[in-house]
Protein chains: 2
Amino acid sequence: MGFDPATLKYDAAGLIPCIAQDHASGEVLMMAWMNAASVAQTLASGKVTYWSRSRAAFWVKGESSGHHQRLVELRVDCDRDCLLALVTQEGPACHTNRRSCFYTALRDGEEVVISEPMV
Amino acid sequence: MGFDPATLKYDAAGLIPCIAQDHASGEVLMMAWMNAASVAQTLASGKVTYWSRSRAAFWVKGESSGHHQRLVELRVDCDRDCLLALVTQEGPACHTNRRSCFYTALRDGEEVVISEPMV
């Protein structure tokens, strides 16, 4: 009996957050949302596939940018309401062309940009 | 002019997801929710403080369990709708007594428990 994405806990909109972490470096790259169909598609294709809330459509990461996210392993948390995707990320994960979306740190009460766009 | 938690983007319930990552090892420990007040309290106290949706109350991580989460650095993502907390975690982060909540991996279509409770 295999894993069934329907056994995860989704919010009222049918979505579950998924954290993408660089498999090799451990860097947290981004967080985005999946629905049950995109979880299934991610597992079947090996390409991390989110659900775009703004476009209300599947979002195969890298499909338009070329910055693919290949799934290494998908993990489920204890409450079954959050996912962790260990990935191999080609180039930047962030739409600002930075490796990670978490490039703003709070230091001494101020926002500090701690990484620059990749060239 | 300092950082203002009100400038983050919260969902309809006034919440923002916060990923906790072990500062030293890079392990992703858990994901929980914060509201603007708990973001402010986390920054002021250095103790990671979530908002418990089930109890509708502040949740100072470790307050009851003793498994404190000390804030090393808080980061904001590009869309300002997700936080990453780099932390020093005492003992397990998960209520199952495991170091991380993400202890279930999907391998060959099956759920596999990949870590055991700490002793």
Notebook entry, point to check: Quick one: Karplus J couplings for the stretch B:80-96, per residue in order, coefficients 6.51, -1.76, 1.60, θ = phi - 60°, nearest Hz, x for Gly and Pro?
Noted result: 6, 10, 8, 10, 10, 9, 7, 9, 9, 9, 8, x, x, 8, 8, 5, 7
Margin query: If amide hydrogens are placed 1.01 Å from N in the peptide plane, which non-local residues have theirs closer than 5 Å to the one on residue A:72?
Written below: A:86, A:87, A:88
Margin query: From the phi angles alone, apply the Karplus equation (6.51, -1.76, 1.60; θ = phi - 60°) to the stretch A:101-113 and give each ³J(HN,Hα) in whole Hz, x where the residue is Gly or Pro.
Written below: 6, 8, 9, 10, 9, 9, 10, 6, x, 10, 7, 10, 7
Check: Under 19 Å from the 7 Å Cα→Cβ point of residue B:13, by amide nitrogen: which residues of the stretch B:62-90?
Finding: B:81-84
Next item on the list: Calculate how steeply helix A:36-45 sits against the longest principal axis of the alpha-carbon atoms of chain A, using the helix alpha-carbon long axis, and give the answer as 0 to 90 degrees to the nearest 10.
Entry: 80
Notebook entry, point to check: Whole-Hz Karplus ³J(HN,Hα) for the stretch B:48-64, in order, using 6.51 cos²θ - 1.76 cosθ + 1.60 and θ = phi - 60°, x for Gly and Pro?
Noted result: 5, 10, 8, 10, 7, 5, 6, 9, 6, 7, 4, 10, 6, 4, x, 4, 9
Item checked: Under 5 Å, built H, 5+ apart or other chain: amide partners of residue B:65 -> none
Next item on the list: For every helix of n ≥ 4 consecutive DSSP H residues, a contribution of -39,500 (n - 2.57) applies; sum these over chain A, divide by its total residues, and give [θ] at 222 nm rounded to the nearest 500 deg cm²/dmol.
Entry: -2500 deg cm²/dmol
Next item on the list: Subtracting the Cα-Cα distance from 0.36 nm times the residue separation, let me have the gained length for residue B:23 to residue B:64 in nm, one decimal.
Entry: 12.5 nm
Note to self: I want the local charge near residue B:11. Using Cβ-Cβ distances under 10 Å, sum +1 for each Lys or Arg and -1 for each Asp or Glu among the other residues.
What the structure shows: -1
Check: How large is log10 I(q)/I(0) at q = 0.11 Å⁻¹ when the Debye formula is applied to the Cα atoms of chain A, each weighted equally and without solvent?
Finding: -0.38
Check: Can you name the chain A residue with its Cβ nearest the rotation axis from A to B, and give the distance in Å as a whole number?
Finding: A:26, 1
Item checked: GNM result for chain A, Cα springs below 10 Å: residue of A:109, A:66, A:26 fluctuating most strongly -> A:109
Next item on the list: Averaging over all projection directions, find the projected area of the Cα convex hull of the protein assembly as shown and quote it in nm² with one decimal place.
Entry: 13.1
Margin query: Looking at chain A as a GNM with Cα springs under 10 Å, which of A:64, A:52, A:100 has the largest mean-square fluctuation?
Written below: A:64
Checklist line | Proximal lysines relative to residue A:9, as straight alpha-carbon distance under 25 Å, when same-chain residues fewer than 8 apart are discounted | finding: A:47, A:61, B:9, B:61
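We did not get these values from a lab; they are worked out from the coordinates using the rules stated. Predicted model, so just to flag it, every value in this text is computed and none were measured. Neighbour counts run over all protein chains shown; Cβ positions are idealised from the backbone, glycine included.
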